[in-house]
Amino acid sequence: MSDIRPNLRKFIYEQCLINGEWRSADSGKTIAVTNPATQEVIAHVPNCGATETEHAIQAAATALPAWRQKTAAERAQVLKRWHALVMENQQALGELMTLEQGKPVAEAKGEIAYAASYIEWFAEEARRSYGETIPGLTASQRIIVTREPVGVCAAITPWNFPAAMITRKVAPALAVGCTIVVKPASETPLTALALAALAQEAGVPNGVFSVVTGDAKTIGEAFTSSELVRKISFTGSTAVGATLMAASAPTLKRISLELGGNAPFIVFDDADLDKAAQGLIDSKFRNAGQTCVCANRVYVQRSIADAFTQKLLEKVRALNVGNGFDDGVTIGPLISEKAVEKVEKHIADAKQHGAEVVYGGARHELGGTWFQPTVLSNGTPDMLCTKEETFGPVVPLIPFDSEEEALGYANASEFGLAAYFYARDAGRIRRVAEGIEAGMVGVNTGLISNATAPFGGVKASGMGREGGHQGLDEYTELKYVCIDV
Ligand SMILES: NC(=O)C1=CN([C@@H]2O[C@H](COP(=O)(O)OP(=O)(O)OC[C@H]3O[C@@H](n4cnc5c(N)ncnc54)[C@H](OP(=O)(O)O)[C@@H]3O)[C@@H](O)[C@H]2O)C=CC1
Ligand SMILES: O=C(O)[C@H](O)CS(=O)(=O)O
């Protein structure tokens, strides 16, 4: 039986929104969108190329003057209407996300609310894009610093958070008066198209926000080579981020990169072990482990390792693997067969390093791309999963003895997106929070993502911040005006 429910059909857009028009690819070619739980083809979206992308970029440039000339309050009103429409349709948008991405409906609805919170946040921030005045150097001199929109922007987003990765780029861009063209991931274009339809209904003018689906490399090259595009915002793998950064250099574009992670999760001997076990569940198994901020390597102080492992196993056993549409399911399918193979590779490598599978460790009996929630004990600090993100429901437990040893392991990574640790000693919290190399640190919590805080990483995890008041900075340029009158 199809998971496509009658209420969803009106939210399935099989055309791209370019300059306010819903259109197919010039070639007529399409890309199939499948349900990862059933492999059912649920829709076909346009396989656009350079011409359609350039049309969308040109439309964004044409729409820019009128949109940037609106007052911040006028732009905020449009964003607030968009926020209201997204939340009014939270159930349907959540089910649409489950249909194309696989995460459980409850989690998908949570992401819709999280995505909407970025729209609401930047509707409010739109009116706080402040400049400053600086005392002049002479009696007749006045120094004014203003913020202006960067201009035409482009965004490329991943499949794991099909709504939030869109709104945390589009909302700040529109709030400050930019226009934007978005290329969503080919696995999950439907959520992006539905969000664009609601933005259009909310009154976002033609050309201000377009969505182009199709060949990533071709569309990406159209973005990076265009002199009209002044800013690129990307969320995805470090490799692609680096490619986009290099390709943007000839036209000196502004760039924001939210890239790969490999979050350490440290449990010290003075931690509240029940909180730490729950925090690890919250961080690790969200989206079946397919998030860039999830705990990827877990360091447990040796003296409490056995006690912590038992508390963790009690919670892991309660996880319910299944179709995201089924009540009570907490772990959906992984996005692809390739994703499952990467998880298997990491587990095999860990076992070769001496790790033991204390729970799960193999594909789920449901078949397809479902994988058993897995706990490995007796891990080592040189396993493959300590070097690259697993992007699956695997907890590798690695014992350590001293605080210095744990911090050394945590920082021995090219990545620096998120990090987590549980402790209660104030001095330890200060030392570790300041010593860990990451853009975001969770102390006694496994959930750190929200629209009010600056989300982003250091080292190979990227640059720039999304969310918080800092999120506006990515879409504005400073202008310094020196007046002598
Ligand atoms: N820091 C963060 O917030 C996040 C980081 N990530 C990281 O991304 C990875 C998983 O996401 P995944 O989607 O596989 O990453 P990818 O980098 O493969 O894809 C991300 C997006 O980039 C597009 N893309 C792929 N190749 C190119 C190219 N040559 N030029 C332009 N665009 C391109 C994809 O299009 P298409 O779908 O058509 O291939 C997709 O829209 C993980 O490493 C994860 O850690 C993911 C999410 C959030
Ligand atoms: O893509 C991701 O993993 C997201 O950035 C994680 S979050 O913002 O939803 O935490």
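Brief remarks on what is shown
- Converting phi to 3J(HN,Hα) with the Karplus coefficients 6.51, -1.76 and 1.60 and the offset θ = phi - 60°, the stretch 153-161 yields 10, 9, 9, 10, 10, x, 7, 7, 10 Hz in sequence order, with x at every glycine or proline.
- Residues whose placed amide H lies under 5 Å from that of residue 209, excluding near-sequence neighbours: 180
- Nonlocal amide H pairs with residue 445, under 5 Å, H built at 1.01 Å: 421
- The stretch 263-443: mean projected area of Cα convex hull, nm²: 9.4
- Note on the stretch 373-418: the alpha carbon radius of gyration divided by the globular reference 2.2 N^0.38 Å gives 1.17.
- The listed peptides 358-368, 170-180, 109-119, 397-407, ordered by packing as a protection proxy, come out as 170-180, 109-119, 397-407, 358-368 (highest mean of other Cβ atoms within 10 Å first).
- 10 Å binning of all Cα-Cα separations within the stretch 1-111, expressed as whole percents from 0 upward: 13, 30, 33, 21, 3, 0
- Pairs from 231/284; 231/338; 10/80; 29/342; 109/284 whose Cα-Cα separation, in the structure shown, is over 29 Å: 231/284; 231/338; 29/342
- Backbone phi angles across the stretch 171-179, fed through the Karplus curve with coefficients 6.51, -1.76 and 1.60 (θ = phi - 60°), yield HN-Hα couplings of 4, x, 4, 5, 4, 9, x, 7, 10 Hz in residue order; Gly and Pro are listed as x.
- Principal axis box of the stretch 81-220, alpha-carbon based, largest edge first, Å: 65, 34, 25
- Placed amide H near residue 142: partners under 5 Å, 5+ positions off or other chain: 483, 484, 485
- Using the average count of surrounding beta-carbon atoms within 10 Å as a protection proxy, the listed peptides 61-70, 86-95 rank, highest first, as 86-95, 61-70.
- Peptide ranges 412-418, 444-450 listed from the most packed, as the mean C-beta count within 10 angstrom indicates: 412-418, 444-450
- A simple rule links phi to the HN-Hα coupling: the Karplus curve 6.51 cos²θ - 1.76 cosθ + 1.60 with θ = phi - 60°, which for the stretch 66-71 gives 5, 6, 6, 7, 5, 6 Hz, with x for Gly and Pro.
- Equivalent ellipsoid semi-axes, the chain, via Cα gyration tensor eigenvalues times 5, rooted, Å: 38, 29, 19
- Lys, Arg +1 and Asp, Glu -1 on Cβ, resulting dipole of the chain about Cα centre, debye, nearest 20: 960
All of the numbers you see were taken from the coordinates with simple rules; none came from a lab. Because the structure is predicted, anything quoted here is derived from the model rather than measured. Virtual Cβ from ideal backbone geometry, glycine too; neighbours counted across all protein chains shown.
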